[in-house]
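Step one of this worksheet: look at the structure below.
The values are calculated or read from the model by the stated rules, or taken from the named source; none is laboratory data. Here the structure is a predicted model, which is why all the values come from computation and not from measurement. Neighbour counts run over all protein chains shown; Cβ positions are idealised from the backbone, glycine included. Note: areas computed on protein heavy atoms with side chains; ligands, DNA, RNA excluded. Shrake-Rupley method; radii C 1.70, N 1.55, O 1.52, S 1.80 Å.
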Amino acid sequence: QVQLEESGGGLVQAGGSLRLSCAASGRTFSSYAMAWFRQAPGKEREFLAGIIWSGGGTYYADSVKGRFTISRDNAKNMVYLQMNSLKPEDTAVYFCAGRLPPIRTRPSDYVNWGQGTQVTVSS
């Protein structure tokens, strides 16, 4: 059984930073592509960033390129999303997801999901 668990969300002022973490367990993820998505109330789930577990190749949505950075720690089975220069419009529930490569941007392409972590950015 594949399990993903996000943490690190919270309330932050505009211009601030947060680092989200995603712990993967249940199987070996060395061959996986991992991604971060977010979903704001009344909106569709949005792809943010992806990383290939083995090799570390990354891909970002234009909306977060230059502000968000995805990384992974293979030894700890962890994936991170460093978020800088946060804006009120970044307020959403953030999810990590996994699939076999390549990185895809559609939520329907991912089978493994965490429960999400809330990020709220105040103005």
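Cross-link partners for Lys65 among the lysines, with Cα-Cα distance under 23 Å and sequence neighbours closer than 8 places in the same chain left out: Lys43, Lys87. Shape analysis of region 71-112 places it in the oblate category; the axes a ≥ b ≥ c from the Cα gyration tensor give an a/c of at least 1.5, with a/b not above b/c. Net charge dipole, region 69-123: roughly 180 debye, given to the nearest 20, about the Cα centre with Cβ charges of +1 for Lys and Arg and -1 for Asp and Glu. With the biggest extent put first, the Cα atoms of region 1-94 measure 36, 25, 23 Å across the principal axes.
Taking amide hydrogens as placed 1.01 Å from N in the peptide plane, the amide H of Ser54 sits under 5 Å from those of Tyr32, each at least 5 positions away in sequence or on another chain.
Candidates Gly56, Val12, Gly116 compared by Cα position along the dipole of the chain: farthest toward the positive end lies Gly56, with charges placed on Cβ.
May I ask for the equivalent-ellipsoid semi-axes of region 28-67, computed as the square root of five times each C-alpha gyration tensor eigenvalue and listed largest first in whole Å?
23, 13, 5
Using a probe of 1.4 Å on the protein chains alone, the accessible area found for Lys76 is around 140 Å². The translational diffusion coefficient of region 41-107, from Stokes-Einstein at 37 °C and 0.692 mPa s with a Kirkwood hydrodynamic radius over alpha carbon pairs, comes to 253 µm²/s. Charges were assigned to the Cβ only: +1 to each Lys and Arg, -1 to each Asp and Glu. The resulting dipole of region 1-55 about its Cα centre is roughly 20 debye.
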